[in-house]
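Contents: one structure, followed by commentary.
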Amino acid sequence: MKKTAIITTIVFICAVIIGSLTTPILQSKPTSSIAPTPLAIDYPTEDLNFYINFDEIDPKFKNIFTSIEKFMKSETKPFNTWLTQSGKIWWISEEKLDISIQEAYSLTANYLCKGTSSEEFQKAKQIFGPKTTMIMSGNGYKLNKTNSSSSLTDEQFYDYVLGYEKGDDKCTLTINSDCSGEDKSTMFQTITLACSDKYLATKSIQEPILKDLRYQNSIININGQIGNFANIESRGRRGGGYIIAMLKDGHWQELYAGQDLPSCAQMQKYQVPVELYSSCY
């Protein structure tokens, strides 16, 4: 028995030592590109699963992103840049429906906030629109006026936005002047180019819900669906909430909308699966 206990103790100690040696490696955060790329990129985030290099971009978008990233660094001075395949696009359809594309290649330049703004960001803000439009035009894209700000002071989208399209492929340039970040010492203003070919597939899913619920100037994203019930994220240009909806006779109807907990009586009345709302009052 003593021999068995000793062996067990030794195994446990070895496991702890091995764990202490491997954990820092697994949790290390890159300060520069995580893989060889044609152009160096800094990755300022923890989740590497969605971060890619230029060789992994769909060839139809690769030239656009390499050209944009090149002038990002040569003509402006961002704090860092990062490239992801988990970007998002807000696109207003011809029917004036707000479609939320959740799968988009996205290239972001971060400009460190200094006071209310930075000289680097202000310079970039002035040149990004014309330069991006020239690059997009050279790649066969046209400016979509419905999805574009008329000027740098146009506040209809809150941010300054330019929308480009080539057939079913959609791209948006978004210049966000807000200072945001997790730490006051690293607050950023951002400029982001996002492109996706998932517009039609996304629209076919979201269009019936948007029409039935009569949502305008807000985008939706289905968080979860069980049978004829769904939990749907609803978001404006800034802020948002969620919706509990039910599909009845081929149409969606709203049971709850807001940011608080739904009514237990309402959820029980329609027998909404508890997994879609967790708590109620």
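Listed here are the residues, each with its yes/no results for (1) at pLDDT below 90; (2) within 21 Å of the chain's Cα centre (by Cα).
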| site | (1), (2) |
| --- | --- |
| Pro38 | yes, no |
| Glu46 | yes, yes |
| Glu69 | no, yes |
| Leu83 | no, yes |
| Ser93 | no, yes |
Margin query: Of everything in region 252-281, what is surrounded by fewer than 12 Cβ atoms within 10 Å (Cβ to Cβ) and in contact (Cβ under 8 Å) with a residue 24 or more places away in the chain? Give them in sequence order.
Written below: Glu275
Check: Is there a residue being without any contact (Cβ under 8 Å) to a residue 40 or more places away in the chain, among the polar types (S, T, N, Q) and buried (at least 19 other Cβ atoms within 10 Å of the Cβ) anywhere in region 179-186?
Finding: no
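I'd like to know if region 74-83 contains one or more residues that are in contact (Cβ under 8 Å) with a residue 40 or more places away in the chain, outside any helix (DSSP H, G or I) and out of contact with any Asp or Glu (no Cβ under 9 Å at 6 or more places or on another chain).
Checked against the condition, which is being in contact (Cβ under 8 Å) with a residue 40 or more places away in the chain, outside any helix (DSSP H, G or I) and out of contact with any Asp or Glu (no Cβ under 9 Å at 6 or more places or on another chain), region 74-83 yields no hits at all.
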Checklist line | Members of region 152-173 found to be in a loop (DSSP other than H, G, I, E, B) and in contact with a strand residue (DSSP E or B) (Cβ under 9 Å, 6 or more places away or on another chain), listed by number | finding: Leu152, Thr153, Asp154, Phe157, Tyr158, Asp159
Checklist line | Condition check for Lys125: at pLDDT 95 or above, farther than 17 Å from Tyr199 by Cβ and either not in a strand (DSSP E or B) or not acidic (Asp, Glu) (or both) | finding: no
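In region 175-234, what count of residues is obtained for those that are among the small types (Gly, Ala, Ser), closer than 30 Å to Lys248 by Cβ and over 15 Å from the mean Cα position of the chain (by Cα)? Let's see the steps before the verdict.
Start the filter on region 175-234 by keeping residues that are among the small types (Gly, Ala, Ser), which leaves 177, 180-181, 185, 194, 196, 201, 204, 218, 224, 227, 230, 234.
Filter once more, keeping what is closer than 30 Å to Lys248 by Cβ: 201, 204, 218, 224, 227, 230, 234.
After this cut, where a residue has to be over 15 Å from the mean Cα position of the chain (by Cα) as well, the list is 201, 204, 218, 224, 227, 230.
Final tally of qualifying residues: 6.
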Check: What's the number of the condition Ser149 fails, among (1) crowded, with 21+ Cβ neighbours inside 10 Å; (2) in contact with a Ser or Thr (Cβ under 9 Å, 6 or more places away or on another chain); (3) among the hydroxyl-bearing types (Ser, Thr, Tyr)?
Finding: (2)
Next item on the list: Name the one entry in Ser196, Ser204 that is at pLDDT 90 or above, under 23 Å from Lys60 (Cβ atoms) and buried (at least 16 other Cβ atoms within 10 Å of the Cβ).
Entry: Ser196
Check: Taking Gln189 and the conditions (1) of a type in the set (S, T, N, Q); (2) out of contact with any helix residue (DSSP H, G or I) (no Cβ under 6 Å at 6 or more places or on another chain); (3) modelled with pLDDT under 95, which numbered condition does it fall short on, given that it satisfies the others?
Finding: (2)
Check: Residue check, Arg237 against (1) in a helix (DSSP H, G or I); (2) surrounded by fewer than 21 Cβ atoms within 10 Å (Cβ to Cβ), all met but one. Which one?
Finding: (1)
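The values are calculated or read from the model by the stated rules, or taken from the named source; none is laboratory data. These numbers come from a predicted model, not from an experiment. Every residue, glycine among them, receives a Cβ derived from its backbone with ideal geometry; neighbour counts consider all protein chains shown.
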